[in-house]
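Just below is one structure, and these are the notes that go with it.
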Amino acid sequence: MLRHLGKCLLLIAGLATVLAGSPVQAAGVAYGFAFASAYVWRDLTVVDEGVWQPSFTMSHDNGFSFNTWGDYYIDDVNRNDGEFTEVDLTADYAPPLEGKTGVNIGVIEYPFPNTGGTNNATTEIYAGLSWDSFAAPFITAYYDIDVVDDLYISFGAIWGRYLFRLGRMGAQPHRCLRR
């Protein structure tokens with residue numbers, strides 16, 4: 001319990017350090033309210049029923065960001081109806097770099113409230129590398145330093161197109177959707 005309290009205090013101190021003395025306009029806030037028919041984590045189906053996965057992120061132009069993400073059971077799975085069973089706390093640093101290469105490092109605390117048992121949390125550290133190009137390839141290595149003591153590597157590429165762009169005239173279909 002004391003160990004987890006220390007980690008939370010470290011996250012709060014980090015956030016205070018990042019935002020102290022910084023202009024408000026250099027900070028950003030993002031939030032999400034995702035509903036999903038299942039919760040799949042690292043190719044494992046954790047819940048095959050409906051879940052709500054809200055998130056909240058605070059970021060700063062200096063590269064620091066802090067995120068909270070939760071997994072809330074909508075259906076009565078394992079008698080956890082209407083409860084958060086996972087709340088992830090992430091502190092990330094992605095230094096602003098010149099060019100197309102991106103790097104980031106961070107720590108994720110995975111508390112599992114309302115799940116019973118004695119190992120209700122674990123912690124991972126991670127480092128990632130990305131390239132800003134047509135397909136945006138990336139690779140990230142995660143290492144659990146707490147309960148599992150194991151390594152997980154994620155890699156891939158992301159490609160996307162805007163279907164709508166917001167401007168003075170409101171939402172306009174992307175040119176590839178116009179007739």
Cβ-Cβ under 9 Å pairs, at least 6 apart or on other chains, segment 35-56 side at positive phi, far side of a type outside the set (F, W, Y) and part of a strand (DSSP E or B): R42/S154
Strands (runs of 3 or more DSSP E) enclosed by segment 123-179 - at least 1 residues per element that are modelled with pLDDT under 70 and not small (G, A, S): 164-167, 170-173
Test result for V107, under 16 Å from the mean Cα position of the chain (by Cα), outside any loop (DSSP other than H, G, I, E, B) and modelled with pLDDT of 95 or more: yes
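The values are calculated or read from the model by the stated rules, or taken from the named source; none is laboratory data. If you're wondering where the values come from, they're calculated on a predicted model, not measured in any experiment. Because the Cβ atoms are built from the backbone with ideal geometry, glycine has one as well, and the counts that use them run over all protein chains shown.
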